[in-house]
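Undergrad: Can you keep this structure in mind? I'll have questions shortly.
The values are calculated or read from the model by the stated rules, or taken from the named source; none is laboratory data. Computed from a predicted structure; not experimentally measured. Cβ sites come from the backbone with ideal geometry, for glycine too, and all protein chains shown count toward neighbours. Areas reflect the complete protein model, heavy atoms only, side chains present, ligands, DNA and RNA absent. Shrake-Rupley method; radii C 1.70, N 1.55, O 1.52, S 1.80 Å.
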Amino acid sequence: MRDSTVARSYAEALFELGERHGAHDDFARGLNTITSLLESDPRVRTFLETPKIEVASKKVALREALGDHVSPMFMNFVLVVLEKRRQRLIRSIAAAYRELLDAKLGRLHVQVTLAHEPDEAAEKSVTDELSRILGLTVIPHIS
């Protein structure tokens, strides 16, 4: 099975759990926390993704690092990901989860290229007009 398919399956499971418990905000924050940790320090990513390190050691380290920053339900999800040895997919799971949440909330990320740096009013105008045209809440990524 392809990694993207597996990551999507995990994201869908987490999304369903979020639906049942009204925990989408908690889960989104938890995913942001763990992906920020993985992206900010290559040593953390190496530690989690190295198969030579026992899963039990990884679980202890994650509980200590994230325990006070994420919900217990989200922590359980991360521990299952570790148990199934899918930790290298955490960033892909997070991206797929964000896509599912954006679709549920009617949000659309769009790339907008402008000839000059917009001021706050111009950025709001672009956002509002695109939202009106598309009928969704547009989140512009302006370059």
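Undergrad: So which trypsin sites (Lys or Arg not before Pro) in region 1-101 end up in coil per DSSP with only 14 or fewer other C-beta atoms within 10 Å?
TA: Those that pass, being in a loop and sparsely packed, are Arg2, Lys52, Lys84, Arg85.
Undergrad: On the accessible surface of region 1-112, probed at 1.4 Å, how many percent belong to carbon and sulfur atoms?
TA: 50 percent
Undergrad: In addition: Comparing Leu48, Leu108, Leu31, which has the greatest mean-square fluctuation in the GNM of the chain with Cα pairs linked when under 10 Å apart?
TA: In the Gaussian network model the winner is Leu108.
Undergrad: Kindly rank 111-120, 9-18 from highest to lowest mean number of other beta carbons found within 10 Å of each residue.
TA: Ranking the peptides 111-120, 9-18 by packing returns 9-18, 111-120.
Undergrad: Ok, one more. Between the helical axis of 120-134 and the dominant principal axis of the chain, each derived from Cα atoms, what acute angle in degrees is found, rounded to the nearest 10?
TA: So the inclination is approximately 90 degrees.
Undergrad: I'd like to check one number: the per residue accessible area of region 35-103, probe 1.4 Å, reported in Å² as a whole number.
TA: Roughly 58 Å² per residue, with all protein chains present.
Undergrad: Check which residues have an amide H placed less than 5 Å from Val138's amide H, if you skip close sequence neighbours.
TA: It is Leu108, Ser131, by chain and number.
Undergrad: Which label marks the calculated value of volume of the Cα convex hull per residue in Å³, given the options [x] 123; [y] 132; [z] 148?
TA: Matching entry in [x] 123; [y] 132; [z] 148: [z].
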